[in-house]
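Input: a single structure, listed below in structure tokens.
The values are calculated or read from the model by the stated rules, or taken from the named source; none is laboratory data. Fair warning: this is a prediction, and the values are worked out from it, not measured in the lab. Don't worry about glycine lacking a Cβ; one is built from the backbone with ideal geometry, like all the others, and counts go over all protein chains shown.
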Amino acid sequence: MTVLEVRDLRVTFRNGTVPAVRGISLAVGRGEVLGIVGESGCGKSATALALTGLLPPGARATGSVRLRGRELIGLTDAELARVRGRDIAMVFQDPMSALTPVRPVGDQIAETVQIHQGAGRTAARARAVELLDLVGVPDPARRARAYPHELSGGMRQRVMIAMAVANDPAVIVADEPTTALDGTVQARVLRVLRAARDATGAAIVLITHDLGVAAGLADRVMVMYAGRAVETGPVDEVYARPRMPYTIGLLQSVPRLDGRPPFAPAEDTADRPRLVPIEGHPPVPGRLPGGCPFAPRCPVAEPRCREAEPDLRPVGADGRAVACVRDIRDPAGVYPRPVPPPPAVPVPSDRRWRRPVLEVSGLTRHHPLYTGGRLRRRTGTVRAVDGIEFDIREGETLGLVGESGGGKTTALMEILRLRAPQAGRIAVLGQDTATLTAARRKALRRDVQVVFQDPLASLDPRMRVADILAEPLTAHGARRRAAAGRVGELLALVGLGAELAGRYPGNLSGGQRQRVAIARALATEPRLVLLDEPVSALDVSVQAGVLNLLEDLKARLGLAYLLVAHDLAVVRHVADRVAVMYLGRIVELGEVPQVYHRPAHPYTRALLSAVPVPDPPRERRRRSVALPGDRPDPADPPAGCRFRTRCPRHAALDPVRARRCLQVDPEPVRVGDDQLTACHYPEAMTP
Amino acid sequence: MTTTFREPPVGMPSRGADLARRVLADRRAVLGLALLGALFLLAFAGPHLAKWHWTDTDFAAMREPPSAGHWFGTTQSGRDVYALTLRGMQKSLLIGICAAVLSTGLAALVGTVAGYAGGWADRALMWGTDLLLVLPAFLVVAVLSPAFRAAWPLLVLLLAAFMWMVTARMVRQMTISLKRREFVLAARYLGVGPARIVVRHILPHLGSLLIIDGTLNVSVAIIAESGLSYFGFGVQPPDSSLGTLIAEGTGAATTFPWLFGFAAGLLVLIVLAVNLVGDGLRDALDPAAKGGDR
């Protein structure tokens, strides 16, 4: 039974000048999950807002949105307000801004029940507690009285889901419901969303950029590009046999945990096959190329692709449709497979013979916590980084992973300062940072460079690309003319044209900006580059190109990277070794294949099991390790092993052996050739 | 490195040349510059066109309306208003623009140094700023003015010295927030020195504030000078400034409008021209404004 039917929905912004959605049609049945996937700017969120009637002023929706046969387009705000929350509910990306900060969450849930069901105050409150229990909030009666800021991100998102299902809506629109959450939390929230669907029978429109999330939850998917649907169909079919070059490109550009690219020939057994990027960047709404909007980026575009925009035409029987003039049957041959360049700077293959570029031992960074305004009193210490030890050797990438609050970025910034740490030792190229003079420290900055997460923030918006790239050179004493001469060379190095030199960062695409940031880092020919989430602000199709570029540059220039990332699949593709951080400590460290294949620490296992796989049958089978509770406050870590409060292995131990976790802080122990773990009962050694 | 060498971009102008190009591409800025140039020309070349000198007295014409002999009319003592106004304009233009540039420059210097350096430098500079803020500026200038009876540059210094404090505090606050922005952090870790970071990364972002402040200060300085002159502290008679002329003329504004109308009109023109130039400069500094890219 179809509950939501959309026909030729169009959304324009800025009084009709910017078309965001250009005619999409869809139908969702009871209990069905439709995944809408696509990159930023493709019109996903505008679709979600149009479905719920929440478009901002200046935006206009035309076409037809029928909810259980009732037309929603053209309803007044008052009429829509009665529909919203009762028949159609929404889960937003950021639950912090979607919840009212000044009222307890239980009251907020009760409010929707009171408004739409006319329930009394007490009954509504009781129902709120019931709903919190339904979405898996532990101790719901107490949590109902909590304010949003007192809850963790995952807990807040569950409150949002509880509000969404409060009135048994026919449709739940979930716009990137887990994007702001950590991996293990995301796994739990997705499970809650699925359970809510099963309990209420609501249809779900799931909007996401993450192909893995859509693979696990959706029954059918719609791939959007430039405001239109370019491919739709059952999720298994679309993922296994995509027929639109854009879908194929998206699936191939996603880094995967197992490192195996889709549609690869069986004989391709390279340990780390390269990602296949889509050239160029998504078009800006309102400035579309003529013909098929994907044609400029399509590897198999023909002249007729540029003549007219293809309509979504049905192929096959099971509701599949594709907007492509070609009839692609074999997705493997569409994109040329990039070949990695041979290393130009030879490094010994055995790690022990390579020179260390960065040595860190006992590194500690504590932030004091104060209370009060005028009379400040120190009340505690946030142990952001609490004694970590690792080294990076030349030509090597170390991935530093873990969830937010683990101390990854703090560790990176501490290294970047090139000063004496609060405790411990940092040595760059054999030079201890505690003993550096100001002049030597400045000279050493040439060898240690950084690429930040968001290039829009890390590039001065008032400087042209040429000035941005010349800056590190002139800062280290190069003449202005000589520096200007290097600009074209640096742009070429990162695969950009010299014509971008006169542009400002604001006029570049996200991928181009991050390439400029990388070029700036490489200007002084560093030996070690610190990468702080270098691709997490980029779209997948663009991200693959930047990851390949980083890999090429490493091989060509003999660089070493410290890569801070939360995405374990990205680390799998780029890093040689990986260090997993939890609450300021490294809990596991080792070679990527070993750690990913045989994680010894229960936290690593949980992290790895929480990564969604863009492969529907496997994603549905995947059982993620549930971590109970929330991350402890880093100002007050548990005694003994810091992970024990959430550790599934600790919970399963007999009391005698469990006592060791409670009392003794585990030291890193060797569990493999080159694998350390800070666990008393590591996987490999537990019988 | 095994890179394919490409020619550096040809004809890429320096940052300063690019700024100049963009200022000149802005219609308002060009209009403002032209107007300002014309006003300067009028102030300094204009007196030679008329036969009356500003010290002359025409006993045959007292409180005469504008005529062929006296273009702007005459005062009650028979002095030529045209000559007087231009003489006053010379003073006002110099005082206004010099004081504005000085005070805004001082605000930028103190504010960015205090904000970027922090620590004791910040505390010392802000202590000085607060001290000047609580001093009664008018009284201090009034007390000191007899000491520089003849020297207008000293008046400029004194005016500027009491105009920069509020802006400096704003600049400091903005510098502190800019200092935490990632591109400043990036520059620091690239090895760029503090003076260079302030000049290249912080000052351009304060551009709009400083330009608005500077243009406002031109009129504030001219009016402050006129206020001082009115009480007999600024420019002393028989010398004149636009301020003294306006002050003297306002009493008879309805009956003898030429006594102050021309001076007031020219003051408005000066402020307008400075504002136009300021607007153009602000847009040229901000690539997000229209015409940002080539």
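Might you check whether a residue that is within 24 Å of the chain's Cα centre (by Cα), surrounded by fewer than 16 Cβ atoms within 10 Å (Cβ to Cβ), assigned to a loop (DSSP other than H, G, I, E, B) and more than 14 Å from every other protein chain (Cβ to nearest Cβ) occurs anywhere in segment A:401-424? Yes, there is a match, as at least one residue in segment A:401-424 is within 24 Å of the chain's Cα centre (by Cα), surrounded by fewer than 16 Cβ atoms within 10 Å (Cβ to Cβ), assigned to a loop (DSSP other than H, G, I, E, B) and more than 14 Å from every other protein chain (Cβ to nearest Cβ). Please tell me if B:G73 is more than 14 Å from chain A (Cβ to nearest Cβ), closer than 19 Å to B:L242 by Cα and modelled with pLDDT under 80. It is true that B:G73 is more than 14 Å from chain A (Cβ to nearest Cβ), closer than 19 Å to B:L242 by Cα and modelled with pLDDT under 80. In the condition set (1) in contact with a Ser or Thr (Cβ under 7 Å, 6 or more places away or on another chain); (2) farther than 22 Å from A:A537 by Cβ, A:L493 is compliant with all but (2). Residue-level analysis places A:A128 outside the set of residues that are surrounded by 24 or more Cβ atoms within 10 Å (Cβ to Cβ) and touching a residue at least 60 places away in the same chain (Cβ under 8 Å). For segment A:645-673, residues that are part of a loop (DSSP other than H, G, I, E, B), over 22 Å from A:V189 (Cα atoms) and basic (K, R) total 0.
If the condition is being farther than 25 Å from A:R515 by Cβ and touching a Pro at 6+ places or on another chain (Cβ under 7 Å), then segment A:410-462 contributes only A:E414.
Residues that are among the hydroxyl-bearing types (S, T, Y) and either in contact with a Phe, Trp or Tyr (Cβ under 9 Å, 6 or more places away or on another chain) or buried (at least 24 other Cβ atoms within 10 Å of the Cβ) (or both) within segment A:567-601 comprise just one, A:Y582. Would you confirm whether any residue within segment B:161-178 is small (G, A, S), out of contact with any Pro (no Cβ under 8 Å at 6 or more places or on another chain), at pLDDT below 90 and outside any helix (DSSP H, G or I)? So far as segment B:161-178 goes, no, none of its residues is small (G, A, S), out of contact with any Pro (no Cβ under 8 Å at 6 or more places or on another chain), at pLDDT below 90 and outside any helix (DSSP H, G or I). Within segment A:65-84, being assigned to a strand (DSSP E or B) and surrounded by 15 or more Cβ atoms within 10 Å (Cβ to Cβ) holds for A:V65, A:R66, A:L67, A:R84. In segment A:513-522 there is no residue that is buried (at least 21 other Cβ atoms within 10 Å of the Cβ) and modelled with pLDDT under 90. Restricting attention to segment A:429-466, the residues that are in a helix (DSSP H, G or I) and more than 7 Å from chain B (Cβ to nearest Cβ) add up to 12. A Cβ distance below 7 Å, combined with a sequence gap of six or more or placement on separate chains, defines the contacts here; from segment A:482-498, residues that are facing chain B (nearest Cβ under 9 Å) reach residues that are surrounded by fewer than 20 Cβ atoms within 10 Å (Cβ to Cβ) and of a type in the set (F, W, Y) in the pairs A:E489/B:F5. Annotation: of all residues in segment B:150-188 being among the basic types (K, R) and in contact (Cβ under 8 Å) with a residue 40 or more places away in the chain, the one that is nearest to the other protein chains (Cβ to nearest Cβ) is B:K179. Considering (1) in contact with a Leu (Cβ under 9 Å, 6 or more places away or on another chain); (2) touching a residue at least 24 places away in the same chain (Cβ under 8 Å); (3) farther than 28 Å from B:L272 by Cα; (4) part of a helix (DSSP H, G or I), the lone condition that B:A147 does not fulfil carries the number (2).
Condition first: more than 9 Å from every other protein chain (Cβ to nearest Cβ) and either crowded, with 17+ Cβ neighbours inside 10 Å or in contact with a Phe, Trp or Tyr (Cβ under 8 Å, 6 or more places away or on another chain) (or both). Now tell me which residues in segment B:189-207 satisfy that. Selection gives B:P194, B:I197, B:V198, B:I202, B:L203, B:L206.
The numbered conditions (1) crowded, with 23+ Cβ neighbours inside 10 Å; (2) within 26 Å of A:L627 (Cβ to Cβ) are all true for A:L559 except (2).
I'm checking my understanding of the structure. Among residues of segment A:481-497 that are more than 31 Å from the chain's Cα centre (by Cα) and more than 23 Å from A:D454 (Cβ to Cβ), which one is surrounded by the fewest Cβ atoms within 10 Å (Cβ to Cβ)? Restricting to residues being more than 31 Å from the chain's Cα centre (by Cα) and more than 23 Å from A:D454 (Cβ to Cβ), the top hit is A:R481. If A:V192 meets every condition in (1) touching a residue at least 60 places away in the same chain (Cβ under 8 Å); (2) under 30 Å from A:V625 (Cα atoms) apart from one, which number is that one? With (1) touching a residue at least 60 places away in the same chain (Cβ under 8 Å); (2) under 30 Å from A:V625 (Cα atoms) applied to A:V192, the lone miss is (1).
Summed over segment B:123-160, the residues that are surrounded by 17 or more Cβ atoms within 10 Å (Cβ to Cβ) and either at positive phi or over 22 Å from the mean Cα position of the chain (by Cα) (or both) give a count of 2. Residues being more than 20 Å from A:A203 (Cβ to Cβ), in a strand (DSSP E or B) and either in contact (Cβ under 8 Å) with a residue 60 or more places away in the chain or not β-branched (V, I, T) (or both) are entirely absent from segment A:29-40.
Among the residues of segment B:249-278, those identified as without any contact (Cβ under 8 Å) to a residue 60 or more places away in the chain and farther than 17 Å from B:A43 by Cα are B:G249, B:T250, B:G251, B:A252, B:A253, B:T254, B:T255, B:P257. Take the conditions (1) surrounded by fewer than 20 Cβ atoms within 10 Å (Cβ to Cβ); (2) within 32 Å of the chain's Cα centre (by Cα); A:P95 misses just one of them, which is (1). Tell me whether segment B:210-219 contains one or more residues that are of a type in the set (A, V, I, L, M, F, W, C) and at pLDDT below 75. No, segment B:210-219 contains no residue that is of a type in the set (A, V, I, L, M, F, W, C) and at pLDDT below 75.
The sole residue among A:G35, A:G23, A:G63, A:G16 that is at pLDDT 90 or above, in the same structural domain as A:Q93 (by TED's automatic domain parsing), among the small types (G, A, S) and over 28 Å from A:G249 (Cβ atoms) is A:G63. Residues that are among the hydroxyl-bearing types (S, T, Y), closer than 25 Å to A:V578 by Cβ and free of Cβ contacts under 8 Å to residues at least 12 places away in the same chain within segment A:349-393 comprise just one, A:S349.
Taking the criterion of being of a type in the set (K, R) and either more than 9 Å from every other protein chain (Cβ to nearest Cβ) or under 32 Å from the mean Cα position of the chain (by Cα) (or both), the only residue of segment A:467-480 that qualifies is A:R479.
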